[in-house]
Amino acid sequence: MEYYDIAETWSRDQIAGEQAKRLRALIQRAMRSPFYARRFAEAGITPDSIKTVDDIRKIPFTCKDDLRQCYPYALACVDRSEFVRMHCSSGTTGSPVAICYTQKDLETWAGLMARGMHAVGFRKNDVFQNMSGYGLFTGGLGIHYGAERLGMMTIPAGAGNTRRQIKLLKDFQVTGIHILPSYAMHVAEQVRAMGEDPRKLPVKRALVGAEPYTEETRRRIEEMLDIKVYNNFGMSEMNGPGVGIECEAQSGMHIWEDSYILEIIDPDTEELLPDGEVGELVLTNLTREGMPVIRYRTHDMTKIIPGDCPCGRKHRRIDRILGRSDDMFILKGVNIYPMQIEQVLMSMPEVGQNYLIRLESDGSRDTMRVMVEMCNANFADDIRQLKTLQERIAHRLFDEILVTPIVELVHANSLPVSEGKAKRVVDLRGENGKA
Ligand code: AMP
Ligand code: ZN
């Protein structure tokens, strides 16, 4: 096994030892921020309270609302003149969450990102195109600096302008890309629409993340583009992308535990859950100096995959994100994640690349309308055939979610495609209908 850096070779004992050391240093540092100084004082936390990694449970959780209230600088542990960059989380409601980085923070982050890209199989001689938005979103510059750190020639293509993206891929013989799952399928469709075969593009591997997607979607993207797809997870509160990333084994995302402490809790009781059980991911930045965040409730639902990864790395793995606890909606008393619907749709070859879930109400009854794009090849004019397919999709969805949806078949490429994270659910039920 070829490693990028030494922390990848650490045993569990080494990881635990380093985590304890770094956690103690983190507490000292965090006390310099107005927010944590107050938080720790309220909870009676002093540097002496924290000796082992398990002692982290004495510290209260940090929530998104806390971070909103800290906007813009109340999380800072260093003088403002030390900051060299800021990013925001991509939430569309409420006040933003802003994270500022020191020079050292950017270096640490680029190093973690480069390590992850190396684990995926990228090497210095790859040509890499970053096809996600730049700007406040961390998927732009975060991925970019990691790719450069690894030594790849990096094309900051950004999001959108699909024809130009395709031209760059071909002209520069791009072998690696970073792209959002919804956009990856759109690009493949566009190549087909140009009368070309997307499997003939020079790309070999893709980092795909920033939003939830299913295993079925991964296989579809792999098939459409004849590439390998690796899941990549992160959030601005924890630097950005590269917190968790798959290795070549494609069997869950390693969380780099030399830089992050990972916990899974029951979102209702806040109890720690054992490996293998699905709950809310809670993360702590161990190495950020400018604005570390401690025990952050991410709202992302996943589980720790028990056992060792075939690659030999001992950093634990999380399963793909089921969704955010706030993505879940309740229809007729049933809890539903959009990913359950995606999983069914993307396993059916007649179904195209895009879908939209609309929750509607006629005043007395809530319904779910699933608008499903058809593959061009399968859009028959035969009404009976379409009706059969519609019923089959509705049945398969019922088996998964125990609610019968209204299925509406639409033409390929007719649903909106987002340049950023896809919006999968539109809730038109009004205040009363909302869960
Ligand atoms: P941002 O606010 O842009 O930093 O977005 C962070 C959020 O994006 C995370 O908390 C997740 O909800 C989501 N996210 C990022 N990467 C992934 C991924 N690979 N799979 C699922 N969700 C993801
Ligand atoms: Zn692995």
TODO: Considering only 218, 317, 38, give the residue with the highest GNM mean-square fluctuation for the chain, with springs between Cα atoms whenever their separation is below 10 Å.
DONE: 38
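Which order do 126, 48 take by accessible area at a 1.4 Å probe, largest first?
Accessible-area ranking of 126, 48, largest first: 48, 126.
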Task: Accessible area expressed per residue, the chain, with surrounding protein chains retained (probe 1.4 Å, Å²) - done: 43 Å²
- [ ] Only Cα pairs under 8 Å and at least 6 apart count here; give the relative contact order of region 329-434 as a rounded whole percent.
- [x] 35 percent
Task: Phi to ³J(HN,Hα) by Karplus 6.51 cos²θ - 1.76 cosθ + 1.60 over region 137-154, Hz, x for Gly, Pro - done: 5, 6, x, x, 5, x, 5, 4, 5, x, 5, 5, 4, 6, x, 7, 5, 10
TODO: Determine the principal axes of the Cα atoms in the chain, then give the extent along each, sorted from largest to smallest and rounded to whole angstroms.
DONE: 73, 56, 41
Task: Relative packing of 411-418, 203-210, which averages over residues the other C-beta atoms within 10 Å, highest first - done: 203-210, 411-418
TODO: Would you work out what percent of the accessible area of region 329-434, with all protein chains in place, is carbon or sulfur (probe 1.4 Å)?
DONE: 50 percent
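Order 363-373, 11-21 from most to least packed using the mean count of other Cβ atoms within 10 Å.
363-373, 11-21
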Task: Mean Cβ count within 10 Å, highest first, over the residues of peptides 49-62, 280-293, 149-162 - done: 280-293, 149-162, 49-62
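If you rank 80, 199 by how much accessible surface each has, with a 1.4 Å probe, what is the order from largest down?
Descending accessible area places them as 80, 199.
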TODO: May I ask for the percentage of alpha-carbon pairs in region 224-304 that lie more than 18 Å from each other?
DONE: 44 percent
- [ ] Report the relative contact order of the chain, percent, no decimals, based on alpha-carbon pairs under 8 angstrom and at least 6 residues apart.
- [x] 14 percent
Open item on the list: In whole percent, and with a 1.4 Å probe on the protein chains, what portion of the accessible area of region 105-245 is carbon and sulfur?
Closed with: 52 percent
- [ ] Considering only DSSP beta bridges where both residues belong to the chain, give the percentage that are antiparallel (nearest 5).
- [x] 60 percent
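How charged is the neighbourhood of residue 171? Take every other residue with its Cβ under 13 Å from the Cβ of residue 171, and add Lys/Arg as +1 and Asp/Glu as -1.
+4
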TODO: Please tell me the relative contact order of region 141-272 in percent, rounded to the nearest whole number, where contacts are Cα pairs under 8 Å and at least six residues apart.
DONE: 17 percent
Open item on the list: Loop-only GluC sites (Glu not before Pro) in region 128-235, please: DSSP not H, G, I, E or B, and at most 16 other Cβ atoms within 10 Å.
Closed with: 196
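The values are calculated or read from the model by the stated rules, or taken from the named source; none is laboratory data. Since the structure is predicted, the reported quantities are computational estimates derived from the model, not experimental observations. Positions of Cβ are backbone-derived with ideal geometry, glycine not excepted, and every protein chain shown enters the neighbour counts. Surface accessibility is based on the protein's heavy atoms, side chains included, excluding ligands, DNA and RNA. Shrake-Rupley method; radii C 1.70, N 1.55, O 1.52, S 1.80 Å.
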